[in-house]
Amino acid sequence: MELLHEFPAGEAGGPGSVVTIGSFDGVHIGHQRLLQRVRSAAARRAMTAVAVTFDPHPRCVVDPSGCPPLLCSLEARVELLGRCGAERVVVIPFTRELSTWRADRFAATLTESLGMRLLIVGPGFALGREREGNLEFLGLLGARRGFRVATVAPSTRGGRPVSSGRIRAAISEGGLSEAISMLGRPYVLDGVVERGEGRGAGLGVPTANLGVDPRRCIPAAGVYAGWLDFGDGWRPAATGIGTRPTFGGGAVTVEAHVLDFDGDLYGRRARLALSRRIRRERAFTSIAALTAAMARDIERTRDILRRSSPPS
């Protein structure tokens, strides 16, 4: 896969490309279906399958107060786009100036820089300032500029279309299973392991405190079964997310206890794949009650993960 951070020099006279464009936050099952369609259409035409995406998320520039928490990092998004079919990923810096582009300017840039012959998008797609470039507009424009427009029906779960916003809501409200069904994989957080207050180690359950990007979508407070990878493969882990109310509360932390592991992870970069929510966060009346609950959480995590496989 080729990664670009700007539109390339003109390729209008080349073999051409099949293009899709969007934020693609989370690269969920709907995005995956769209990318598969792009890849197959490009293969039939001996063209290049291209995904154009933006960083930061356009809403964070157009309406900073409505900036959505992200479902994956930019690096993970690019990797997923490639794995799902894109042969070329173009990450365009989204700026105020770019937000003022008219739809015809955007389409001209796609055709001239990428040799776009076919644009494949979802049914609600619109391009350009004030979303003027809807499907009807783009169809007429394409007839003049030499490209066609095709749509892919949205994927659904529970009778409703899958969307990044719906996944964010499910994660934030504790519906991890619902979110995973729409993502098509466990929900992954990543960051550097930081030094915490050492309470877990003092209780005999050492944890890796993951320094997660504050822009990420953090799951509802609770205990989760999942997997931690710090460079040598996925290991089973029980993770607590929340404010530690038994100790008086505080900032939200993500603390993973790696089962059957006794090593120093401080300063290492790790990925945490959450598979199932075990229980809500709660305040315990004593340290003894807390440690007993933690032991049950670990055993339940062990049982859950024994019957499942780590992320591919």
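The values are calculated or read from the model by the stated rules, or taken from the named source; none is laboratory data. Computed from a predicted structure; not experimentally measured. Reconstructed Cβ throughout: ideal geometry from the backbone, glycine too, with neighbour counts over all protein chains shown.
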message = Quick check on Val252: is it buried (at least 18 other Cβ atoms within 10 Å of the Cβ) and either small (Gly, Ala, Ser) or under 24 Å from the mean Cα position of the chain (by Cα) (or both)?
response = no
inquiry  = Conditions first: (1) under 24 Å from Cys72 (Cβ atoms); (2) in a loop (DSSP other than H, G, I, E, B). Asp264 passes all but one, so which condition is the exception?
reply    = (1)
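Before we move on, is Val188 at pLDDT 95 or above and in contact with a Gly (Cβ under 7 Å, 6 or more places away or on another chain)?
Values: at pLDDT 95 or above: yes; in contact with a Gly (Cβ under 7 Å, 6 or more places away or on another chain): no.
No; evaluated as a whole, the condition is false for this residue.
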query = Can you pull out the residues in region 119-165 that are touching a strand residue (DSSP E or B) at 6+ places or on another chain (Cβ under 7 Å) and among the charged types (D, E, K, R)?
reply = Arg148
task = Name the single residue, out of those in region 235-247 being buried (at least 19 other Cβ atoms within 10 Å of the Cβ) and among the hydrophobic types (A, V, I, L, M, F, W, C), that is nearest to the chain's Cα centre (by Cα).
result = Ile241
key: Spans of strands (runs of 3 or more DSSP E) in region 88-207 with at least 1 residues of a type in the set (Gly, Ala, Ser) and closer than 30 Å to Thr246 by Cβ   = 187-194
remark   = Asp213: passes all of (1) surrounded by fewer than 16 Cβ atoms within 10 Å (Cβ to Cβ); (2) in contact with a strand residue (DSSP E or B) (Cβ under 8 Å, 6 or more places away or on another chain); (3) not assigned by TED's automatic domain parsing to the domain that holds Met294 but (3)
request  = Output the number of residues of region 151-168 satisfying the condition of being farther than 13 Å from Ile29 by Cα and surrounded by 14 or more Cβ atoms within 10 Å (Cβ to Cβ).
outcome  = 2
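Considering only residues of region 255-273 that are without any contact (Cβ under 8 Å) to a residue 60 or more places away in the chain and surrounded by 12 or more Cβ atoms within 10 Å (Cβ to Cβ), which is nearest to Pro206 (Cα to Cα)? Give the derivation first.
As a first pass, look at region 255-273 and keep what is without any contact (Cβ under 8 Å) to a residue 60 or more places away in the chain: 255-264.
Filter once more, so that each one left must be surrounded by 12 or more Cβ atoms within 10 Å (Cβ to Cβ): 255-259, 261.
Values: Glu255: 9, Ala256: 8, His257: 6, Val258: 8, Leu259: 10, Phe261: 9 Å.
Among those that are without any contact (Cβ under 8 Å) to a residue 60 or more places away in the chain and surrounded by 12 or more Cβ atoms within 10 Å (Cβ to Cβ), it is His257.
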Residue among Thr53, Thr20 that alone is in contact (Cβ under 8 Å) with a residue 40 or more places away in the chain, outside the structural domain of Arg269 (by TED's automatic domain parsing) and in a strand (DSSP E or B) = Thr20
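Just wondering, is there one or more residues in region 74-88 that are more than 18 Å from the chain's Cα centre (by Cα), surrounded by 21 or more Cβ atoms within 10 Å (Cβ to Cβ) and more than 30 Å from Ala220 (Cβ to Cβ)?
At the first step, the residues of region 74-88 found to be more than 18 Å from the chain's Cα centre (by Cα) are 87-88.
When the remaining residues are screened for being surrounded by 21 or more Cβ atoms within 10 Å (Cβ to Cβ), the result is none.
Within region 74-88, none of the residues are more than 18 Å from the chain's Cα centre (by Cα), surrounded by 21 or more Cβ atoms within 10 Å (Cβ to Cβ) and more than 30 Å from Ala220 (Cβ to Cβ).
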request  = Look through Arg83, Arg145, Arg77 and report the one residue that is closer than 23 Å to Asp63 by Cα and either without any contact (Cβ under 8 Å) to a residue 12 or more places away in the chain or of a type in the set (Lys, Arg) (or both).
outcome  = Arg77
query = Of the conditions (1) at pLDDT 95 or above; (2) over 20 Å from Glu75 (Cβ atoms); (3) surrounded by fewer than 21 Cβ atoms within 10 Å (Cβ to Cβ), Val223 fails just one. Which one is it?
reply = (3)
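Would you confirm whether any residue within region 100-122 is among the aliphatic types (A, V, I, L, M), farther than 25 Å from Pro154 by Cβ and either at pLDDT below 95 or touching a helix residue (DSSP H, G or I) at 6+ places or on another chain (Cβ under 7 Å) (or both)?
Start the filter on region 100-122 by keeping residues that are among the aliphatic types (A, V, I, L, M), which leaves 103, 107-108, 110, 114, 116, 118-121.
With farther than 25 Å from Pro154 by Cβ added as a condition, the list becomes 108.
Then drop every residue that is not either at pLDDT below 95 or touching a helix residue (DSSP H, G or I) at 6+ places or on another chain (Cβ under 7 Å) (or both), which leaves 108.
Yes, region 100-122 contains a residue that is among the aliphatic types (A, V, I, L, M), farther than 25 Å from Pro154 by Cβ and either at pLDDT below 95 or touching a helix residue (DSSP H, G or I) at 6+ places or on another chain (Cβ under 7 Å) (or both).
Taking region 264-301, which residues are in contact with a strand residue (DSSP E or B) (Cβ under 7 Å, 6 or more places away or on another chain) and β-branched (Val, Ile, Thr)? Steps first, please.
Residues of region 264-301 that are in contact with a strand residue (DSSP E or B) (Cβ under 7 Å, 6 or more places away or on another chain), as a first pass: 265-281, 297-298, 300-301.
Residues satisfying the conditions are Ile278, Ile298, Thr301.
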key: Extreme residue, farthest from Asp303 (Cα to Cα), among residues of region 214-244 that are in a loop (DSSP other than H, G, I, E, B) and among the charged types (D, E, K, R)   = Arg215
